[in-house]
Amino acid sequence: MRITIFGTGYVGLVTGVCLAEIGHSIHLHDIDQAKIKLLKSKKIPIYEPGLLKLFKKHLKAKNVQIDSDPYKALQASSIYFICVGTPQLSNGKPNLKYLLDVSNNIKDYIDQNRSNRKTFIVLKSTIPPGTTKELQTKIFKEDTYKNIHLGSNPEFLREGNAVYDFMNSERIVIGSDSAEFIRTLQRIYSPFTKKSKIHVTDPQSSELIKYGSNAFLATKISFINEISKLSDKVGGNIDLVAQGMGMDARIGSEFLNAGLGYGGSCFPKDTQALAYTFSKNKIPSKIIQSVIDINNEQKIYFFNKILDRFSKKELKSKSLLFLGTAFKPHTDDIRESVGISLINMISPIVKRVTIFEPIAKENSINALSKLNNVRFQKTRTPSINKNYDFMILATEYPMFLKIPYQNFKKLKDKVVFDGRNILNKDKLKKNGIEYIGIGK
Ligand code: NAD
């Protein structure tokens with residue numbers, strides 16, 4: 001089927017390329033001309049394992065085409081996937097401006113062309129419960145636009161695994177009041193039905209599934225982080241606690257790792273948006289608000305561990321080695337990265353921060369350009385040497401586990417702060433390294 005994708009960010013580009021892989025003909029459009037230029041030159045604006053190869057394959061085969069002109073993108077098909085950003089405003093409310101811009105463009109196009117063709121608008125962006133209905137009552141009024149079929153189809157891919165997740169999705173959620181919309185999406189996704197369960201709902205439930213899922217995973221993270229503070233106090237080991245808890249299939253071990261808390265472009269904004277939606281509906285959101293508060297406090301809790309270990313006077317002359325700024329491994333995304341926040345907190349009180357980041361280096365250099373005591377290592381693997389006094393680990397890259405434990409001895413103070421609890425405390429101890437993790 002011929003499909004136009006609006007928005008070529010993490011979700012739009014992956015969706016477009018993966019839909020091409022299952023046989024659809026894709027048109028990609030973005031308002032960001034720099035991204036369009038890059039895509040036309042066979043490059044992609046983001047890092048995502050496997051994406052570039054698939055993109056080039058389908059560009060060459062003309063299964064993927066890039067439209068810089070929005071009119072051409074609208075003309076190209078009558079199935080529109082909206083994958084634009086829904087970033088957070090200062091009050092937590094999601095900014096629906098980009099979604100409304102695309103929706104109004106579609107409406108104008110249909111009006112101008114007096115088009116009566118069947119049009120399908122697929123809302124893939126994460127949108128607050130009630131948004132699909134609101135678009136239907138305010139923009140695509142049902143009695144005027146009888147041939148426009150609208151629905152929510154939230155995306156669950158994880159950055160760093162996006163192509164795999166899209167191609168092997170556990171569930172595809174389709175929320176619409178239009179039977180024709182549901183049938184069309186079922187056809188689009190039919191090659192996936194062996195692996196993926198298609199879950200059909202009304203639009204509001206579909207929108208809530210996305211927020212509920214992200215908020216639930218964020219809750220698991222904040223929950224174990226809260227327990228980790230008690231574990232620190234009573235002398236337990238939070239890793240063993242989490243393992244023991246996770247052995248219960250009802251609980252599960254995923255998202256149950258204590259650490260610096262969640263970051264990224266989804267959990268922080270989606271939990272805020274959910275809290276905002278609760279308050280808009282005059283319902284107190286006790287759990288969600290606590291999850292947000294615990295997460296915000298977690299990096300301060302960790303920062304205070306550094307202040308407990310070194311006096312401010314001592315820190316002034318210290319050179320810090322900092323491993324990892326991406327909000328999680330295998331992505332170049334640093335939006336709401338806890339590592340970046342920590343560097344902003346620490347750099348003013350130490351002599352120098354030297355960062356090693358394997359994937360999100362370019363974005364991190366831009367984000368931290370105002371800090372004049374911050375440097376980046378140029379090596380492919382982290383170099384630990386006597387130029388550094390102590391070390392902080394903030395992203396759980398598997399490559400950090402391959403660092404020989406005796407290398408940490410080269411740190412002048414022989415102190416390692418592990419913000420993700422991934423290093424082996426006992427092995428470090430055996431090598432004379434002081435290990436400071438979270439909850440152990
Ligand atoms: P992104 O910021 O990476 O990309 C959004 C793109 O939309 C940008 O390239 C922007 O230029 C483009 N855009 C804005 N207005 C446009 C317009 N009028 N026409 C065409 N393009 C336009 O965002 P993202 O991370 O891909 O997220 C998109 C949506 O998907 C958000 O609602 C997000 O919450 C949701 N989501 C994201 C992820 C993720 O892991 N990133 C996962 C699931 C869901």
Among residues of the range 136-152, those that are out of contact with any Ser or Thr (no Cβ under 7 Å at 6 or more places or on another chain) and crowded, with 17+ Cβ neighbours inside 10 Å, counted: 3
Every residue from the range 174-184 that is among the aliphatic types (A, V, I, L, M) and crowded, with 22+ Cβ neighbours inside 10 Å: ILE174
Filtered residue count, the range 119-144, keeping only those that are away from the ligand (no atom under 16 Å from the Cβ) and under 17 Å from ILE5 (Cα atoms): 2
Number of positions in the range 193-214 that are aromatic (Phe, Trp, Tyr) and over 23 Å from the mean Cα position of the chain (by Cα): 0
Pairs, first assigned to a helix (DSSP H, G or I) in the range 273-301, second modelled with pLDDT of 95 or more and among the acidic types (Asp, Glu), C-beta under 8 Å, six or more apart: ILE294/GLU226
The range 390-440, subset within 28 Å of PHE223 (Cβ to Cβ), open to solvent by 10 Å² or more (accessible area, probe 1.4 Å) and of a type in the set (S, T, N, Q), residue modelled with the lowest pLDDT: ASN424
Scan of the range 246-261 for residues that are part of a loop (DSSP other than H, G, I, E, B) and either farther than 13 Å from ASP418 by Cα or open to solvent by 70 Å² or more (accessible area, probe 1.4 Å) (or both), ordered by number: MET247, ASP248, ALA249, ARG250, ILE251, GLY252, SER253, GLU254, PHE255, LEU256, ASN257
Residue pairs meeting the criteria (Cβ under 6 Å; at least 6 apart or on separate chains; first at positive phi, in the range 150-170; second within 13 Å of the ligand (Cβ to nearest atom) and among the β-branched types (Val, Ile, Thr)): GLY160/THR331
Every residue from the range 153-164 that is open to solvent by less than 30 Å² (accessible area, probe 1.4 Å), more than 14 Å from ILE82 (Cβ to Cβ) and not charged (D, E, K, R): LEU157, GLY160, ALA162, VAL163
Filtered residues of the range 314-332 (kept if crowded, with 24+ Cβ neighbours inside 10 Å and in a loop (DSSP other than H, G, I, E, B)): GLY324, THR325, ALA326, PHE327, THR331
Residue list for the range 111-129, filter: within 22 Å of ALA179 (Cβ to Cβ) and either part of a helix (DSSP H, G or I) or not polar (S, T, N, Q) (or both): ARG117, LYS118, PHE120, ILE121, VAL122, LEU123, LYS124, ILE127, PRO129
Tabulated pairs, the range 338-352, first within 13 Å of ASN373 (Cβ to Cβ) and modelled with pLDDT of 95 or more, second in a helix (DSSP H, G or I) and open to solvent by less than 10 Å² (accessible area, probe 1.4 Å), C-beta under 8 angstrom, 6+ apart or interchain: ILE346/ILE306; ILE349/LEU315; VAL350/LEU315
Tabulated pairs, the range 8-25, first within 13 Å of SER125 (Cβ to Cβ) and aliphatic (A, V, I, L, M), second within 8 Å of the ligand (Cβ to nearest atom) and in a helix (DSSP H, G or I), C-beta under 9 angstrom, 6+ apart or interchain: VAL11/ALA162
Matching residues, the range 221-238, being of a type outside the set (Gly, Ala, Ser) and open to solvent by 30 Å² or more (accessible area, probe 1.4 Å): PHE223, GLU226, ILE227, LYS229, LEU230, ASP232, LYS233, VAL234, ASN237
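The values are calculated or read from the model by the stated rules, or taken from the named source; none is laboratory data. Computed from a predicted model, the values in this text were never measured in an experiment. Quick reminder, even Gly has a Cβ in these numbers, built from the backbone with ideal geometry, and neighbours come from all protein chains shown. Ligands, DNA and RNA are stripped out before the accessible areas are found, and what is left, the full protein with its side chains, is counted by its heavy atoms. Shrake-Rupley method; radii C 1.70, N 1.55, O 1.52, S 1.80 Å.
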